[in-house]
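Asker: This structure is in structure tokens; I'll ask about it shortly.
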Amino acid sequence: MPQPTALCVYCGSQGGNRPLYTETAQAFGAELARRNITLVYGGGKVGLMGSVANATLNAGGKVIGVIPRQLVEREVAHTGLSELVVVDTMHQRKTRMYELSDAFVALPGGFGTMDEMFEMLTWAQLGLHSYPCGFLNTLGYYEHLRGMMDHMVSQGFVSQSRRDAVWFGDSTDALFDWISRYQAAATSFGIDTSSIKA
């Protein structure tokens, strides 16, 4: 696919306990601005969320935040964005972020980051979108997750083609190179119906 026009970043509302997490988020935001790619993210000004947003803005980029009303105070909504979209529910947040984006990348984060990224992976598997999904594996943060995905394949729960469509790496340049060459995996649910009784 060509370079995305808007890239959705999922990442932590915390900064983690290693400085490189923040430094990588800042570098990623600056790279989005350099490439003239709009950042779509969760709308907070704290943690890695704030780091990637501020770096994009400081480098002259466009940033759209999407945040539910109940999290405006908890995640400290960023009021200096190009656009802040306030929605009513988490489901609306995820849907709106999807609608605004044509690529999805997870930086390090917690349960929310996993929830959001895995929903996009599931939608891709169901054929609801054909956009690239990648994990920026700073300090090997996602190594266990990569292993778990390989285990899903070895145990027959995920197809190899679907697993191969998910990128892991620690280089921003390599990520964008992969996105430029990305071709969506064929939709295959891999459902074994042999054990279903008539």
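Asker: Taking square-rooted eigenvalues a ≥ b ≥ c of the alpha carbon gyration tensor, is region 74-114 rounded, prolate or oblate, where a/c under 1.5 means rounded and, failing that, a/b exceeding b/c means prolate?
Answerer: rounded
Asker: In addition: If you keep only loop residues by DSSP, which trypsin sites (Lys or Arg not before Pro) in region 1-75 have at most 14 other Cβ atoms within 10 Å of their Cβ?
Answerer: Sparse-neighbourhood loop trypsin sites (Lys or Arg not before Pro): Arg35, Arg74.
Asker: Let me ask something else about it. With the contact rule set at Cα under 8 Å and sequence spacing of 6 or more, what percent relative contact order holds for region 6-181?
Answerer: 21 percent
Asker: Next up: Over all directions, how big on average is the projection of the convex hull of the alpha-carbon atoms in region 6-181, in square nanometres?
Answerer: One quarter of the hull surface, i.e. the mean projection, equals 9.4 nm².
Asker: Mind checking which of Val76, Val87, Gly29 is farthest towards the positive end of the chain's charge dipole, using Cβ charges of +1 (Lys, Arg) and -1 (Asp, Glu) about the Cα centre?
Answerer: Val87
No lab work stands behind these numbers, since they all come straight from the coordinates. Bear in mind the structure is a predicted one, so any value in this text is a computation, not a measurement. Because the Cβ atoms are built from the backbone with ideal geometry, glycine has one as well, and the counts that use them run over all protein chains shown.
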